[in-house]
Each structure stands twice: as C-alpha cells, then as structure tokens.
Amino acid sequence: MPAGDSGNLVPSVVLSRRDLLKRGTGVVFSLTLLPAAGRGDDRLRGHPRRGASVPLNAYVHIATDGTVTICCPSAEMGQGVLTALPVIVAEEMDADWSRVIVTPSPPVGDDYGDPLFINLIFTVASRSVAGYFERLRIFGAQARRTLVHNAARNWNVPVAGLETKMGQVLDPKSGRHMGYGEIAGLPGFDVNAGQADAPELKDPSRFQLIGRDVEPRNLAAKVDGSVRFSIDASLPGMVHAAVIRPPFAGSRIKSIDDRDARKAPGVSGVHRRDETVAVVARTWFEALAAKRAIRVEWQHADVTGSLDSQQILDRSIRDARDTAAPGIPWDGAGDAPGRLAGSHRVIEREYSTEYMYHGGMEPMNATVHVHEDGSRAEIWAGTQAPGYTLDTVARITGIDAANITLHRSLMGGAFGRRSVHAMDFVQDAAWLSAQLRKPVKVIWDREEDFKLAYLRPATGQYLRAAVDESGRVTAWHHRVACEDPVKAHEPLLWEAWQQAPLIGMLGSEHRAEDGSPFDAAYDLPDRLVEYVAVESGIRVYAMRGVGAMPNKFAIESFLDELCAETGSDPLAFRLQLLHRSARAQQVLQKAAEISQWGRRREGRGLGLAYSHYAGSLIACVAEVSTDHRSGQIRVHDVWVVVDCGLVIQPDNLVAQLEGGVIYGLSNALTERITIENGMIMQSNFHDYQMMRISSAPEIHVHTVHSTAPPTGVGEIGTVVAPAALANAFAALTGRRLRRLPFTPEQVRAAASGNEPSGSNRHDPAAG
Amino acid sequence: MIPLRVNGRTWNLDIAPDTPVLWALRDHIGLPGTRYGCGVAACGACTVHLDGDAVRSCVLPVSAAAGKEITTIEGLSASGDHPLQESWRRVRVPQCGYCQSGQIMSAAALLRKHRQPTDEQIDTAMEGNLCRCGTYVRIRKAIHLAAQMMASGKAADE
C-alpha cells in the first residue's frame with residue numbers, strides 16, 4: 001500500500017461530461033421499468049400523473065400534462081437526498097418545482113452508480129450531493145436542451161433566441177410560450193434533438209432552486225403518520241415472521257424444542273436455515289409470542305465464543321503503543337521516526353474508543369414475495385446498497401436478478417447499518433418466501449438486532465509528537481489499532497480499494513484522502529500514521545462518521561494536550577498548523593467569533609476541534625459544565641462553522657449538522673457495547689443509552705459562503721463533536737478524558753485526579 | 001372478541017387479550033402510523049393517547065384498553081392540521097420521520113396539561129421519545145411554536 005503524499009488511496013474516477021452524455025442519451029427507460037414508488041412516496045399523495053410520459057434521459061420523464069418525474073439514485077434515510085438531488089436536476093431544466101415528482105432510480109445501472117463504489121448505488125460516506133452534483137446538472141441541462149430544440153423546430157425559429165422559465169420554453173421575440181408537457185406531446189417529438197453537443201450549464205448566479213429551501217419531500221406524510229417504510233409493507237396473502245438468530249457468529253444449534261410454538265395461535269410453521277430459526281404466523285405479534293416459547297440449546301464456537309471486548313480493547317491500546325512492532329503505513333511524509341529520535345522533547349498519549357451500535361429507530365426488516373411459479377420475486381426493503389440487496393435475494397432464491405423487483409423504501413434511519421454487504425436483514429424474508437411462495441415480512445425485534453449487531457469498531461490510539469522550544473510540532477506519529485470493516489465485511493470494496501483499511505483509518509491522515517482540498521489538512525511535514533490491524537472476529541461495520549470520529553477524537557484531544565504542555569492557545573495552535581488554507585482559517589476564526597472563544601464563563605469550559613471530512617471543513621466549539629458527584633457532563637451550547645462549498649438546501653444542511661452533532665455527543669457521552677464470552681451484553685434502549693432530549697444542547701450552525709463545488713455534511717458533525725466535548729471538559733477541569741465514551745465513573749475519576757489506569761501510563765514529557 | 005375504540009370508531013377484534021395495542025393497530029386495524037421501535041417502552045415510537053394521556057402502546061395489552069378511547073397519529077386531527085403538526089412542518093422537524101408520530105403524540109399530551117410549557121416541562125414530557133436523527137433542538141422549538149399558535153388562536157376566538 002502506498003504511503004506518502006503521492007496521491008490518494010481512494011480511486012478517483014471522474015466521468016467526463018462526454019461519457020455521461022453518450023450514455024445518457026442512449027438510455028431510454030419505459031415507465032414500467034421504473035420501480036414502483038414506496039407507498040409513502042408523494043406519487044400516491046395527491047399528485048396523480050395524467051397523459052403519456054416521455055423519457056428524456058435516464059433521470060427525467062415528462063408527462064404531457066406537464067408533470068416532470070425526476071429519479072433519485074441515492075437512498076433516503078433522513079438526510080434529505082430525495083429533495084436535494086432532484087433539485088439539482090430541476091434547476092438546470094428550469095422545471096416548475098411544484099410540478100416535479102420524485103421517484104427512486106432503478107437499483108442498478110451505470111447512470112446511477114457511484115464510481116467510487118465500483119459503480120454501485122451506495123448511499124454512504126456523505127457523498128450523494130458531492131458525487132452526483134455534476135452528473136445531475138448535465139442530465140438536467142440535457143433535458144432542457146431537448147425541450148428547447150423541439151420547441152424551436154415546432155415554431156420554426158432558431159434555438160438561440162429561446163429561453164426557459166418555470167417549466168416553459170419562451171420566445172421573447174414573438175411572445176409565444178409552450179409548456180414542457182405540451183412540447184413532450186408534440187407529434188414527432190425527438191428525444192435526441194439538440195444532443196450533438198454538450199449542454200451548457202447555468203451560471204450559479206442564475207440558480208433559482210439551489211440555495212433556496214424547498215419543502216422537503218414527504219414532510220407532510222412524516223407529520224400526519226401516513227409516510228410508509230418497508231416495515232409497513234402490507235400485501236394480500238402476506239405472512240409474518242419473527243426469528244431467533246444465534247447468540248454470536250459461529251455458534252451452532254445443538255437442540256431445539258419448538259413444540260409449544262408450533263401449537264401457538266396463528267402460527268403456520270417453524271422453519272430453520274443454518275442457525276436461524278423462524279416462526280411464521282398470521283400476524284407479527286403472534287410470531288413473536290410463539291418465538292419466545294422456543295427453547296434452543298447452543299453449541300458455542302471456540303474462538304468467537306470467548307471474545308471479550310475489554311480484552312480486545314486493552315490489547316488494541318497495547319498494540320498501538322508497541323512501536324517496536326511496525327504497523328501498516330497509512331500516511332507518511334518526511335522522516336518522523338528520525339526526528340522523534342533526535343528530539344529533546346517528545347510528548348505521547350493514548351486514547352481509546354469503544355464498540356457502538358447504529359441505533360436506527362426502525363428495526364431491521366424486509367418483505368420478500370417469491371411469486372408462486374418461482375420465476376419472479378419482489379423485495380420491499382430500505383437499503384443503502386440496492387445492488388447488494390438484489391444480489392443477495394437472487395443468490396438465496398435462485399432467481400435471476402433481472403427478474404427481481406426491488407421496491408426501494410424510505411428508511412427509518414440507517415447510519416451505515418443498511419449498507420452491509422451481507423444484507424443480513426433481507427436474507428430471512430428471502431429464504432422463507434422462497435419456501436412458502438407467498439409474501440413474507442420479517443421484522444427483527446430489537447433484541448435480535450442487538451444480538452448480532454454490526455458495530456462501530458473499537459480503537460486503541462497512540463500518539464506522540466516532537467516539539468521544539470517554540471512549541472512547534474516537528475514530528476508526528478500516530479498509530480490506530482482497530483478492526484477495519486472493509487477487509488472483514490466488504491470483499492468487493494476491499495479489492496477495489498487495493499486493500500486499503502479506509503473505514504477504520506479515515507480521518508487519521510493529514511492529506512486529502514476524503515476529497516477535501518489538500519491544504520485543509522494540518523501541515524505536518526514529518527509524520528507517520530500507521531494502521532495496526534486487529535482481527536478479532538467481532539462483527540464491525542461503518543457507522544456515521546466511520547473511523548474519522550475516533551481518529552479525530554484522538555488527534556484533536558492530543559493537539560489540546562500539546563497546547564497544555566507547551567502553553568499554547570488551542571485556536572492559535574490550529575491556525576498555525578493550517579497556515580496553508582484560507583478556508584480552514586476562516587472556519588476556525590468564525591467559530592471563535594460566534595462562540596466568543598476568548599470570553600471566560602464561570603463554571604463552564606469551552607473546547608475547540610477542527611476537521612475536514614468528505615470534502616467539507618468544520619470547526620466546532622462546545623461549552624460544558626460538569627457535576628463532579630454524579631459524573632455527568634452537561635453540554636450547553638455547540639457552535640459549528642462549516643465550509644461545504646455551494647449549499648443546495650440551506651435548512652437541510654443545518655438539520656444535518658444538528659443531527660450529526662447530537663449523534664457524536666451521544667456516542668461520546670453514553671454509548672458503549674460490551675462483549676463477554678462472545679455475546680453482546682446490551683439488548684435494548686434501556687441498557688444502551690442514546691441521547692435524549694434533556695441532554696441535547698443548543699446548536700448554532702453557521703455556513704461560510706462559498707462557490708466551490710458542494711461537499712458532504714451528513715457525518716461531519718459527528719466527526720468533530722466528541723473531540724470538542726473532551727477539550728471543553730479539560731479546559732474546565734484541567735483533567736483529560738482519554739477513553740470514549742466518558743462514563744460517569746471516568747468523569748468522577750478524572751475530576752478527582754484518579755484517572756483510570758492505562759489512560760496515560762507513561763508521560764515522558766521531560767523536555 | 002375484544003372491543004377496541006380507536007379514533008372514535010369501535011373495532012371488535014378476534015385477538016389474544018395480551019396482544020399489545022401497537023400490534024392491534026398495525027396488523028389488525030391497519031393503522032401503521034404508530035411505530036414499533038423497541039417493544040419495551042424505552043423509545044416512545046409507539047406513543048398513543050389513552051383517554052388523553054400519552055402511553056406506550058407496545059406494552060399496553062388490548063385487554064387494558066377496553067372501554068377506553070385510543071387516539072393515534074391518524075386520529076389526532078382531521079386533516080393533519082393539529083397546531084403541532086403545523087408547527088412540525090414549519091420548523092421542518094422530521095429527518096427520517098420514523099419516531100415523529102410518537103414525538104407528536106407525546107407533545108400533544110403535554111400541551112393539554114401545560115399550555116405554555118417551559119423547556120424543563122418539555123424535557124420531562126419528551127424524555128421517553130428517542131430520535132436517533134437528533135431532531136431534539138427542533139422538537140423543542142416546534143412545541144413552543146405550537147403553544148404560541150394555540151394561545152393566539154384562542155385569543156382570536158375570544
């Protein structure tokens with residue numbers, strides 16, 4: 001694997017405009033190929049479409065009544081893509097937004113996939129707006145051009161003099177105008193008209209929709225209860241199933257007693273596939289009640305059956321610290337080891353973060369209907385990776401993916417959980433329906449989901465830096481010990497990414513790994529960042545903020561510790577490290593300004609953190625107080641300043657940052673999965689605590705005006721908030737929290753000066 | 001047969017008496033706006049009103065609801081125009097939307113008790129409703145706005 005400054009590890013495949021056009025004009029979908037909209041989609045909410053619908057390209061259909069249907073490739077899970085992406089198409093088309101219908105795109109197809117993810121649709125990594133922006137503009141402009149050329153031909157006037165506005169083509173000379181629907185209905189309408197050249201894109205100063213809030217899709221339905229998720233699927237003849245999953249990966253069923261369950265009311269059968277037992281019943285609660293009457297004796301596997309999260313974490317911290325055992329270089333430049341060896345003053349610290357649970361509110365579920373003759377199947381599922389979903393059901397049912405229809409549902413939260421390659425939450429409905437040949441809805445009760453959850457990997461982190469007399473960092477060494485989910489659970493991406501541990505290591509590098517401007521990273525010319533592989537067998541996966549959350553927690557905490565050691569100001573210190581980037585300096589200074597960074601607060605501490613992520617730049621200030629007796633930290637206010645380039649939907653951007661900050665604070669304050677004897681010890685929201693309303697701070701979001709291309713905001717708040725919180729606690733108490741989450745025990749110990757062992761065992765700060 | 005009164009209509013259900021109201025609503029009556037999140041009254045996604053009080057329908061057996069009036073998100077207002085639904089739209093509270101039926105039902109019960117709730121009263125009443133998207137800041141704002149709208153609406157009536 002390459003280390004150093006020579007380019008990104010992430011393959012950056014940029015489609016040329018010409019490529020897109022070539023493919024775009026060639027693809028003509030008939031409407032029947034478009035997947036049916038979810039029942040909660042606005043297609044069924046008072047927007048009846050009349051008249052024939054004409055496909056202009058892979059993204060746009062126009063009905064002769066003027067209705068414009070725009071398809072959205074990314075999956076909606078609360079982040080607002082179902083609004084933001086179609087807005088980009090509509091903008092370039094000059095469509096009348098009130099006449100726009102949004103429908104999910106087909107689940108596969110080159111026009112819809114993301115080059116970073118081997119051209120699959122993969123709604124992850126805060127990439128939707130950034131990744132599709134240019135493509136959607138081109139498809140929108142192309143649609144506009146087709147309409148203008150057809151109008152010109154009909155009027156027998158030159159194209160050059162025509163204009164478009166609000167779903168109409170206008171001829172200013174004659175005062176004539178024609179609606180898009182009318183044009184699409186013209187005899188001899190030519191879908192290829194005007195497609196010889198690349199379309200011109202709008203000058204951003206003329207944007208009407210981009211940068212202005214439109215009503216989020218499905219807003220009304222989410223407020224009156226009529227919105228539908230896959231868990232709400234209801235089909236004629238449908239049966240329901242509840243399942244028992246093994247207590248951990250690798251355990252085997254030794255014996256099973258299901259006599260009572262089979263006799264239970266409403267139950268039609270108990271089925272088994274490998275180590276999963278399913279009860280099928282008339283309603284889901286009957287299936288659940290019967291499931292509880294089943295006794296299973298498990299045979300525990302040797303390796304996974306002895307897993308212990310505390311041991312793994314301790315070992316990770318130890319391995320991170322053991323610099324004698326080289327890790328895998330992830331990022332490097334200059335000669336960090338040499339400079340560290342020759343330095344008079346080296347400061348080192350250890351940090352750790354624990355396993356966590358995604359916690360989307362809609363329990364994992366799917367409905368599959370294998371048709372009676374076995375030739376076709378339909379799926380209702382909320383998925384971040386529709387291609388994976390199709391492949392999984394095809395493999396299990398033996399039906400060709402071309403004969404499977406996926407109804408892409410809205411998701412009641414996802415946070416990475418619904419992109420898992422195995423698509424485990426879809427498998428049960430697939431095999432049951434393949435057996436029963438009728439629609440089967442499978443819901444995992446919350447306890448089943450906790451049991452074999454895919455977790456945010458725990459990390460052990462070791463950092464050391466050489467500092468000179470003026471307090472400047474002259475060498476940087478960072479080792480992250482964690483289990484990278486890509487290798488363990490994403491076989492296709494592991495190969496496509498040349499075996500880069502991208503999910504675990506993201507955010508630990510000081511270069512533009514994430515597509516950020518290169519100079520937005522700290523200027524650390526002599527540095528070494530290493531991946532220390534942990535291979536425990538615990539199921540891990542990407543969770544909001546991926547590795548960047550734990551890694552930035554460690555980096556940003558360490559920077560403040562260096563400041564404390566050298567008597568530097570955290571703001572000035574970061575500004576100096578970011579001297580190359582005016583944009584980075586701007587977000588930091590603005591955050592200092594709106595949080596009144598220099599103003600002391602009685603009984604409160606302020607903490608600062610900075611990050612770039614998914615191309616965007618963010619500075620975050622948290623204001624906290626603490627109750628030493630209870631060990632509770634109270635976050636009062638959080639200020640974030642973000643530079644994410646051009647803003648598509650301003651209010652939604654604020655919402656994403658609010659939600660992202662809450663998610664990060666929740667991770668940092670209370671979230672911890674523990675594993676004993678291979679088993680996850682938490683089972684529901686009473687013993688896995690996520691942030692509730694009384695702990696939610698006021699969040700102040702400021703956006704820097706920018707005309708740079710748009711970049712991601714879905715996770716960046718999560719990435720930066722925990723570090724700001726830890727730094728605020730240290731500013732308040734003079735004590736450092738190095739183990740995340742900051743449990744009351746740790747807070748009390750830190751506040752009383754008895755820090756838990758291992759958090760800072762050797763500090764050679766003996767300059 | 002168990003009679004269940006929901007949104008002003010009576011349903012006679014052939015159903016086990018220990019069936020939670022949540023599943024009677026979702027699978028028997030066809031009102032899926034009330035959501036399943038945890039099944040143990042720990043997340044609030046299933047919140048409905050029982051004679052006007054907010055309850056967690058996932059742990060409320062239908063036998064305990066007999067003879068009482070259940071109101072779900074579908075029955076909160078005739079056409080989605082309860083002041084809370086209006087304020088939820090104006091503040092643009094929902095992200096994924098999954099927990100919002102429960103949030104609104106809890107808030108509606110709160111406003112019945114406290115017409116102008118303080119932040120502390122909001123926190124107490126809403127503490128049982130999880131939102132993983134993190135819409136809490138906006139939920140607070142929307143409850144205050146609805147209280148204002150109700151107060152000024154009432155003033156206009158008088």
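The values are calculated or read from the model by the stated rules, or taken from the named source; none is laboratory data. All figures in this text were calculated on a predicted structure; none of them were measured in a lab. Cβ: placed from backbone, ideal geometry, glycine included. Neighbour counts: every protein chain shown. Just so you know, the surface numbers come from the protein's heavy atoms only, side chains and all, with ligands and any DNA or RNA stripped out. Shrake-Rupley method; radii C 1.70, N 1.55, O 1.52, S 1.80 Å.
Quick rundown of the values:
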| quantity | calculated |
| --- | --- |
| Ratio of Rg to Rh over segment A:373-427 (Cα coordinates, Kirkwood Rh, two decimals) | 0.97 |
| Approximate shape of chain A as ellipsoid semi-axes (Cα gyration tensor, √5λ), whole Å, largest first | 44, 36, 22 |
| Computed accessible area, A:Leu340, all protein chains, 1.4 angstrom probe, square angstrom | 10 Å² |
| Relative contact order (%) - chain B, alpha-carbon pairs under 8 angstrom, separation at least six | 23 percent |
| Amide hydrogen neighbours beyond the local backbone of A:Ile328, cut-off 5 Å, H modeled | A:Tyr531, A:Val532, A:Ala533 |
| For segment A:390-444, size of Cβ-based charge dipole, Lys and Arg +1, Asp and Glu -1, in debye | 180 debye |
| For residues of B:25-32, the mean tally of beta carbons on other chains within 10 Å | 4 |
| Spin-label pair A:Arg212/A:Asp110, simplified geometry with 7 Å Cα→Cβ offset, distance in nm | 3.7 nm |
| A:Ser536 - accessible surface, heavy atoms, 1.4 Å probe, Å² rounded to 10 | 10 Å² |
| Where trypsin sites (Lys or Arg not before Pro) in DSSP loops with at most 16 other Cβ within 10 Å are excluded, longest remaining stretch of chain B | B:1-67 |
| Rounded to 5, the percent of DSSP beta bridges in segment B:2-75 classed as antiparallel | 85 percent |
| Pairwise burial B:A, computed as accessible area of each alone minus the pair, summed, 1.4 Å, Å² | 4500 Å² |
| Rounded if a/c under 1.5, otherwise prolate or oblate - chain B, Cα gyration tensor axes | prolate |
| Estimated inter-spin distance, A:Leu201 and A:Glu676, nm [label 7 Å along Cα→Cβ] | 5.6 nm |
| Cβ-placed point charges (K, R +1; D, E -1), dipole of segment B:2-75 about Cα centre in debye, nearest 20 | 100 debye |
| Interface residues in segment A:640-683 - accessible area drops by 20 Å² or more relative to the isolated chain, probe 1.4 Å | A:Asp651, A:Ala655, A:Glu658, A:Gly659, A:Ile662, A:Tyr663 |
| Distant alpha-carbon pairs in segment B:51-92 (separation over 15 angstrom), percent | 53 percent |
| Ranking by accessible area, most exposed first, for A:Met178, A:Met166 with a 1.4 Å probe | A:Met166, A:Met178 |
| Förster radius 25 Å - calculated FRET efficiency between A:His371 and A:Arg273 (Cβ-Cβ, nearest 0.05) | 0.80 |
| Charge tally in the Cβ shell below 12 Å around A:Ile396, where Lys, Arg are +1 and Asp, Glu are -1, A:Ile396 excluded | -2 |
| Debye intensity ratio in log₁₀ form over the Cα atoms of segment B:2-75, taken at each q of 0.24, 0.25 Å⁻¹ | -1.08, -1.19 |
| Gap separating the Cα centres of segment B:126-156 and segment A:289-332, nearest whole Å | 43 Å |
| Span-like helix ranges in chain A, DSSP H, alpha carbon extent 15 angstrom or more, Kyte mean at least 1.0 | A:81-93, A:716-733 |
| Relative contact order %, chain A, counting alpha carbon pairs below 8 Å whose residues are six or more apart | 14 percent |
| Residue mean of other protein chain beta carbons inside 10 Å, B:83-93 | 3 |
| Anchor A:Lys552: lysines whose Cα lies under 23 Å away (excluding residues fewer than 8 positions away in-chain) | A:Lys487, A:Lys590 |
| Long-range tail of P(r) for segment B:83-157 (Cα pairs > 21 Å, %) | 17 percent |
| Lysines whose Cα lies under 30 Å from that of A:Lys173, excluding same-chain neighbours fewer than 8 positions away | A:Lys165, A:Lys202 |
| Sorted peptide list for A:277-290, A:493-506, A:191-204, A:721-734, criterion being average Cβ within 10 angstrom, highest first | A:721-734, A:277-290, A:493-506, A:191-204 |
| Net charge dipole size for the protein assembly as shown [Lys, Arg +1 and Asp, Glu -1 on Cβ; Debye, nearest 20] | 1340 debye |
| Shape of segment A:293-395, Cα gyration tensor, a/c cut at 1.5 | prolate |
| Rough spin-label spacing in nm, given labels placed 7 Å along Cα→Cβ, for A:Ala160 and A:Arg395 | 5.8 nm |
| Distance between segment A:379-414 and segment A:339-361 - C-alpha centres, whole angstrom | 39 Å |
| Chain lengthening between A:Ser306 and A:Gln596 when straightened (0.36 nm per residue, less Cα-Cα) | 99.3 nm |
| Partner chain coverage, peptide B:137-144 - average Cβ within 10 angstrom | 3 |
